[in-house]
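Read through the structure below, which is laid out as structure tokens, and then see the notes.
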Amino acid sequence: MENSKILTDALDELKIEYDDKKIELLLKYYDMLIEKNKVMNLTAITDFNEVMIKHFADSLSVLQFVEFENDNKVLDLGTGAGFPGIPLKIFLPNVEFLLVDSVNKKLNFINEVIEKLGLNKISVLHARAEELGHKEDFREKFDFVCSRAVANLSTLSEYTIPFLRQDGLFISYKASIVNEEITNAEKAIKILGAKIEKVEKFSLPGIGDERDFVFIKKISKTPKKYPRKSGVPSKEPL
Ligand code: SAH
């Protein structure tokens, strides 16, 4: 696996542990992503080195900051082609994952990946956050919700916070978040029953692009009226 050096160097730099099996699974995922991307739009980034850093190392980078425990339940909201959910699943075999997206054909691809890679304790669901967030089986049931490149922080908070149990953590992946976006989301986060715990900044190995995590902790129940109807959280952020 000579050509995976760019990825293993990046993981070394981020101090994320790996083994040959995990790297092999990521490389298989890369092959499937590139193959399927020829017939449907899954990713604009296709260059091998770029995928290794901007999709894989980026998805896994949260492991620098958060310790997941066995049987924790993690929701990846707006997973698209599986980011960050699939790389995280590969690295956290004993954690329970649910990957959600409103576009079904992307989920068909993810199901193929799950089968081919032999992943366990992972399922996918075709749903919109605004509807799923009201379903009893999902509301206030997750230890973590993560989301990358889905919406502004205010809209995203309304999509994600309803899923968190008390003390659960919403992990927002952001490419260089500006203070204004955080300030604009503060009111929404409070209304939804959560608070900003911390913001962590780091650079993607090799290319130096800045990335930020916003960690948001659930402190009380989300009022029943949230999330609002489909489309409203993005059109009229709280
Ligand atoms: N997280 C992936 C995909 C980002 S694209 C990545 O980082 O590459 C945003 C994805 O969010 C799309 O696949 C879109 O279908 C999904 N999405 C947007 N709004 C949504 C909503 N309200 N509920 C569920 N999925 C949503």
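The values are calculated or read from the model by the stated rules, or taken from the named source; none is laboratory data. Not measured: the values here are computed from a predicted model. Methodologically, a virtual Cβ is constructed for each residue, glycine included, from the backbone with ideal geometry; neighbour enumeration extends over all protein chains shown. When the accessible area is computed, the model is the full protein with side chains, heavy atoms only, and any ligands, DNA or RNA have been set aside. Shrake-Rupley method; radii C 1.70, N 1.55, O 1.52, S 1.80 Å.
In table form, for the structure just shown:
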| item | result |
| --- | --- |
| Relative contact order (percent, whole number), the chain, Cα cutoff 8 Å, 6+ residue spacing | 17 |
| Gained length - E112 relative to I219, 0.36 nm times residue gap less alpha-carbon distance | 34.8 nm |
| C-alpha center-to-center spacing [the range 1-53, the range 119-182] in angstrom | 25 |
| Pair-distance profile P(r), taking every C-alpha pair of the chain, with 5 angstrom steps and integer % | 1, 7, 15, 19, 20, 17, 12, 6, 2, 0, 0 |
| Label-point separation in nm, N70 to K121, each point 7 Å along Cα→Cβ | 0.8 |
| Candidate aspartates and glutamates - alpha carbon under 17 Å from K54, same-chain residues fewer than 8 apart omitted | D9, D12, E13, D31, D209, E210, D212 |
| Residues of type aspartates and glutamates that K187 reaches as a straight line, Cα spacing below 16 Å, ignoring anything fewer than 8 places off in the same chain | E158, E197, E236 |
| Above-threshold pairs, the threshold being 20 Å between Cα atoms, out of K106/K225; K73/K174; K21/K121; K73/K221; K89/K218; K5/K36 | K106/K225; K73/K174; K89/K218; K5/K36 |
| Fraction of accessible area attributable to carbon and sulfur, the chain (%, probe 1.4 Å) | 46 |
